[in-house]
1. Return the only residue of 69, 58 being crowded, with 19+ Cβ neighbours inside 10 Å and at pLDDT 95 or above.
2. For a quick check of your reading of the model, give me the residue pairs whose first member lies in the range 89-113 and is more than 20 Å from residue 10 (Cα to Cα), whose second is at pLDDT below 95 and in a loop (DSSP other than H, G, I, E, B), with beta-carbon atoms closer than 7 Å and at least 6 apart or on different chains.
3. So which residues in the range 125-152 are surrounded by 14 or more Cβ atoms within 10 Å (Cβ to Cβ) and touching a residue at least 24 places away in the same chain (Cβ under 8 Å), if there are any at all?
4. Do we have any residue at all in the range 77-85 that's in a helix (DSSP H, G or I) and free of Cβ contacts under 8 Å to residues at least 12 places away in the same chain?
5. Scan the range 74-92 and give yes if some residue there is closer than 20 Å to residue 166 by Cβ, in contact with a helix residue (DSSP H, G or I) (Cβ under 9 Å, 6 or more places away or on another chain) and surrounded by 18 or more Cβ atoms within 10 Å (Cβ to Cβ), otherwise no.
6. When residue 110 is evaluated against the numbered criteria (1) touching a helix residue (DSSP H, G or I) at 6+ places or on another chain (Cβ under 6 Å); (2) within 18 Å of residue 161 (Cα to Cα); (3) surrounded by fewer than 16 Cβ atoms within 10 Å (Cβ to Cβ), which criterion, by number, is the only one it fails?
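The values are calculated or read from the model by the stated rules, or taken from the named source; none is laboratory data. Bear in mind the structure is a predicted one, so any value in this text is a computation, not a measurement. Counting neighbours? That spans all protein chains shown, and the Cβs are built from the backbone with ideal geometry, glycine included.
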């Protein structure tokens, strides 16, 4: 079943309309990253780009979501250089798009499904992958960073992320159904 969805996701690139929408979402992500980021420190900030990645993954599938996440993260970094560059963070965002695509693509945006997608993404990508990449990039004790910084931060952010994603998917679900995506 997932292989068919991944194949369908690859085929989403054949449509000019889809490529146009994906490009539009990429520009929205860059604007969000430029103007709607809460910067706590040069290395620590809160961004809402995950919402755009979730929409693209949900609308066009895991393959498109992964490519969109990877290149979107790179583009946002090079437009507004925040912190130091490390490709692992782009890999994390690629996995974000894949997770959203696997869970939301060709499914209705029920509350439980949206909550599940966000929880899986937050735990796997934000807590574990980003912690691993932080340790690889700047060093430090994995468990100390995980337990003292990453887990508390994401426990606070997770309900907010879920709420924003749920509201956005409810707004866009009518658009998605109308467009036949």
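1. On the way: 58 fails: at pLDDT 95 or above.
One residue alone meets the criteria, 69.
2. Going by the 7 Å Cβ cut-off, the qualifying pairs are 113/107.
3. Answer for the range 125-152, where residues must be surrounded by 14 or more Cβ atoms within 10 Å (Cβ to Cβ) and touching a residue at least 24 places away in the same chain (Cβ under 8 Å): 125, 126, 127, 129, 130, 132, 133, 137, 150, 151.
4. yes
5. Here is the first cut: in the range 74-92, the ones closer than 20 Å to residue 166 by Cβ are none.
No: zero hits.
6. The single condition residue 110 does not satisfy is (1).
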